[in-house]
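The next block holds one structure in the form of structure tokens; read it before the comments.
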Amino acid sequence: MFDFLFRPTHTAYLKRASALLEEAQMARIEHQAAAEHHSALARMYAERARRLENELYRQPRAAEHGPDTVAVEDRPQLYSLDGSRKATPHPAGS
């Protein structure tokens, strides 16, 4: 008598499959957007690493200012994530 209530119908299966398909498509879109975001971050950090390596390993112009000093404008500018670092004049060896 109640057998029809417990047996899934073809229509119910199609509705459920449709809902699962929509869920999968939304997850794909969300993950694709996240992948684009992470790719942009990876490019940004690669550029930052390249820039910091260039600043770290380039030779200071010591001949122009004496052997122990580097001009303030020639020193690498380092930035922290919170922007709290400030460039302060000091000798290169400090």
(message) So, in the stretch 33-58, exactly how many residues are in a helix (DSSP H, G or I) and open to solvent by 90 Å² or more (accessible area, probe 1.4 Å)?
(response) 11
(request) Please indicate, with yes or no, whether at least one residue in the stretch 45-62 is modelled with pLDDT under 95, touching a helix residue (DSSP H, G or I) at 6+ places or on another chain (Cβ under 7 Å) and not small (Gly, Ala, Ser). (result) yes
(request) Enumerate the pairs (first residue in the stretch 27-39 and modelled with pLDDT of 95 or more; second residue anywhere and among the polar types (S, T, N, Q) and open to solvent by less than 100 Å² (accessible area, probe 1.4 Å)) with beta-carbon separation below 9 Å, excluding pairs fewer than 6 apart on the same chain, so at least 6 apart or on different chains. (result) none
(message) Pull out all pairs, ordered by first then second residue, where Cβ-Cβ is under 6 Å, the residues are six or more apart or on different chains, the first lies in the stretch 1-16 and is surrounded by 10 or more Cβ atoms within 10 Å (Cβ to Cβ) and at pLDDT below 60, and the second is of a type outside the set (Lys, Arg) and not in a loop (DSSP other than H, G, I, E, B).
(response) none
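The values are calculated or read from the model by the stated rules, or taken from the named source; none is laboratory data. Model, not experiment: these values are computed from the prediction. Cβ: placed from backbone, ideal geometry, glycine included. Neighbour counts: every protein chain shown. Protein only, heavy atoms only, side chains kept; ligands, DNA and RNA dropped before computing areas. Shrake-Rupley method; radii C 1.70, N 1.55, O 1.52, S 1.80 Å.
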